[in-house]
Structure formats: C-alpha cells, structure tokens
Amino acid sequence: MTSDLRSRLLLLLVLPLAVLVLVSATLDFRSADDAAAQHDQRLLRLLPALADSVVAGTSAGIGPLLLLAPSVEEFLRRSGPYTAFSVRTVGGELLLGEDWVQGPLPSTPAAEFHSIEFGGVTYRVAVQRGSTDAGELVVALADGSDSRQQWLQQLVLRVLLPNLLLVAAAGLAIHWAVGRAFKPLVDLANKVERRSARDLNPIDASTSPQEVRPLVHALNHLFELVRAQMDSQRRFVADAAHQLRTPLAGLQAQVEAWALLARSGGKDRNFDQKWHPALSQSPSSAITLGVDEVEKLRAATRRTSQLAHQLLALSRADARNVDTASMQRVDLKELCELALGLHLDAAAARGMDLGLEAQPVHATGHDWLLRELLSNLVDNAIKYASPGGRVTIRCGRCMVRGALRAYLEVEDDGPGVSPGEHVNVLQRFYRAPGAAGEGTGLGLSIADEIARAHGSTLQLMRGAQERGLLVRLLFVPEPAASAESPKTAMGE
C-alpha cells in the first residue's frame, strides 16, 4: 500500500518537474532564438557599412584599402576576439580580413547567413555581394557571441544535465519525504497486523496524525462491532450450553436408572418405585422398553450431555479474556495425576490400561484450560482406542531446536489418524470417516483452541511402533527454563 502510494506521489510530483524542465528549455531556446534574430539584424545593418569601408588603392599594384566605418569599428572593438571579417573578390580571392571567414559565395545581392566553427567557437557569418569603391566584392562579418549558437553548443552541460540532476534530487527528496510522511500509517498497519485475533481493544487515536485519525476511528468502530458480535455469539453458546446442562443431567440420570432396571430384569421393585413411579402402576399404563432401546437412549443422552458440556468448554476456551488474563505457573505432573484419577473408571469399563509417565515440571498457562485440554485428549483416546488397549498420559521437558520446552501428551495404541486427516480432525464437528465410538467431533478442536490460547498448536503424530495416535502440546520456551529431566523431542 505504502509503496504504491509513494510511487504515485513520486510520479505526480516528478512528472510536472520534468514538464517544467522541458518548458524551461523551450523558453530558453526561444529567448536565444530571439537574441540570435537581433544579432542577424545587427550584422545585416553592418554589412553595407563594411562595404563602404573598402576603398580603392591609390596607385597601380596596390589592392583595396580598408577604412573602417565607426559602427563597424565599434562592433569589432566591443566583441573582441569573437568577431572577424573578410573581403573577397567575386571569384573568392581573399583581399582583406581573416581567411577562415568564408562560405558559399552569394550569386545575388541578397544577404546570406550561415554558421562555421573555428577555434572551438561557432560563429554566425553574414555574407553579401555588393558594389564598393574598389568594385564589386563580397564582404562577410562573423560574430561568435550568437546566443542561439551557444545554447545549441552547451545544451547538455548547462541546460539538460543540471535540470536532470535537479529532477533526480527532487525525486530522492520526495521519496524520503513521502516515506517519513507515511511512517505513522505504516506504524499503524504494523500495530494492527501484530494484534492477536482476540485483541479488539480500541486503538489510541491521539498517537496518530490528524489525517489518519478518521481511519483509526473507523477501525475502532469496526472492532467494536466485531467485539459485540463475538460477545453475543459467546453468550448465546454459553447460555445455551448452561441451560441444557440441568435438564440433560436429569434426563441422563433417569435413563441410567432405566438401563439399570432393564439389566436387572425388573427384579428390584423398590428401585422401580423410587425412580419410576409410573412403572408401578397398572401394566396397561406402563411403557415397556427393551434393553437395546434403553441402551440406545442412554447413548444418545450421553452424547447430548457431552455436546452441551463441550460447547460450554469451547465457549470458555474461545473467550476474549483468555489472551488478556494473566497466566500462572501450572504443575503439569499434578495436572496429569488429576486427569488419571478422573478417567480411571471410564478406562476400566472398557478394559483399558490407563497409565501415567510424569516428570516434575511446571509451565506457564491457564490451569483450568489445561485441565480441559487434557481431559478432552484422554477422553478421546479412551473412546476411540480399541477395548483392552493402552492409553498413556505424559508430561516433561524436551529439547526442541536448542530450547528446553515443557510438553503434555496423550498416546494410545488404537487405529490412529492418517496424516492426511490431521488438519481435518482439528476442525469443529468433524469426525474421520470410519471412526468408531461415540463422539461429537469437538474434543480435538477444543484442545487445539486451548493450545492456540497458549501460543502453540497441537502436534498429531503416530504412536509407538507406528500404532495409534500421539497428541502433544509443546509450551512456549520460558526465558529461564530450568533443565528438569531433559528429554529428546520425538516427532519434531
């Protein structure tokens, strides 16, 4: 943008200067032409006086003599070495004056003008054939002070070159001045470009020039509109998810009770009357559901309840104050131990081995968001890994490109995700084709959103022995990270 504006201004300012140079050169030439015309008229007036200055010799064998008229003498005296004359016969023989003052001999009495160069000077020569006291002769006057001849000779050195240098200097000055003038606009563009996508705070207009302030006010107005829209969307998602949690929790509790009753075959009547009074009424008013139907209903309510929870988590992870809220030191080992305790029952229900490989390590971040990230990763691994498989939670430090960085990772030995699907599975509500288990397609996208809030991104790679999926979060290097149990980075 700036480069284009600079080029436009440079063209718009230098082009008139170039036109002015051409106009100036044209005017100079016209002035020289007018002065040369006056010189021609002066020479034309002096030719008759020069002819009258030639007198015949006083005796036989003596050629014509020259008695200069006062006007011719004054002309030759004032112009000094830049004037000369010659007197020749009609055949071209030099009688008086300088031999180099010559040219085509005129055949008529009309005066003729031409230019000759002598001694590095271009002379304007006027030649006329006429009658003198010594007979018919050809007289010529040469003038080297013709301004038109000087202009043509010194056109490059005295007109074009200085003007071109002036245009070039003006172009450089304009380029520098435009760059300085546009610096506040460039600084404003860099400031907006460096902003986080969630930073919609208004720009301070007082630091911008008066001409740029309307643009700053327009940007602030746009930020306000976007912020209001984002706040409205977040409130809607948060409110909808929050309002869904209570009825869904009740619905899930009742469906879980139905499932337990269906599995017991209706033998627990006290349980039946306590949780489902409608079932203790007459059989004609009761609704009978099979075990399969109850299980399907329970799975649907679980997915709906999980979706509401994940929508709320996504809304919190995407909140605007995540970037501005201060981060704290988080104990990653304690975080992994907490996730292990929360998911042991779910892993045991599927006969899976949920393990922990944690080193004492701390990182800077949002504790509640990292808990949500780890919970989503472990929950995903348990859901999609094969029954009886292994899921491992890890934390520690690894060396990445010369910097020691803390990491969190979850690895399973399930079917994994093909490399071509790594980008897709991070999209919201996306499930890989053929994926088993129950899911909403939000787990990895929530984790990735939380990773971005910590200035990083999730890394998806193959697990050990090229099986399963390993998901890792590398934290931003700390200025003075202590070397707690360094470990070589894998898959980096």
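The values are calculated or read from the model by the stated rules, or taken from the named source; none is laboratory data. Note that the structure is predicted; figures quoted are calculated from it, not measured. Here Cβ is always computed from backbone atoms with ideal geometry, including for glycine, and neighbour counts include all displayed protein chains. Each accessible area value is taken on the protein alone, full model and side chains, heavy atoms only, with ligands, DNA and RNA left out. Shrake-Rupley method; radii C 1.70, N 1.55, O 1.52, S 1.80 Å.
Computed values, structure above
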read-out: Criterion violated by Ser445 - all others in (1) of a type in the set (Ser, Thr, Tyr); (2) open to solvent by 20 Å² or more (accessible area, probe 1.4 Å); (3) modelled with pLDDT of 80 or more satisfied; value: (2)
read-out: So Leu164, is it loosely packed, with under 14 Cβ neighbours inside 10 Å and either at pLDDT 85 or above or under 21 Å from Pro16 (Cα atoms) (or both); value: yes
read-out: First in the stretch 360-379 and open to solvent by 10 Å² or more (accessible area, probe 1.4 Å), second anywhere and in a strand (DSSP E or B) and not aliphatic (A, V, I, L, M), Cβ under 7 Å, 6 or more apart; value: His362/Arg329; His362/Asp331; Thr364/Arg329; Asp367/Gln328
read-out: Spans of strands (runs of 3 or more DSSP E) in the stretch 346-428 with at least 3 residues under 40 Å from the mean Cα position of the chain (by Cα) and among the aliphatic types (A, V, I, L, M); value: 403-412
read-out: Answer from Val19, Val14 - the residue that is loosely packed, with under 14 Cβ neighbours inside 10 Å and either assigned to a helix (DSSP H, G or I) or modelled with pLDDT of 80 or more (or both); value: Val19
read-out: Criterion violated by Ala60 - all others in (1) at pLDDT below 85; (2) part of a helix (DSSP H, G or I); (3) open to solvent by 90 Å² or more (accessible area, probe 1.4 Å) satisfied; value: (2)
read-out: Ala84 vs. criteria touching a helix residue (DSSP H, G or I) at 6+ places or on another chain (Cβ under 9 Å), modelled with pLDDT of 85 or more and of a type outside the set (Ser, Thr, Tyr); value: yes
read-out: Breaking point among (1) open to solvent by 60 Å² or more (accessible area, probe 1.4 Å); (2) assigned to a helix (DSSP H, G or I); (3) at pLDDT below 85, for Ala35; value: (1)
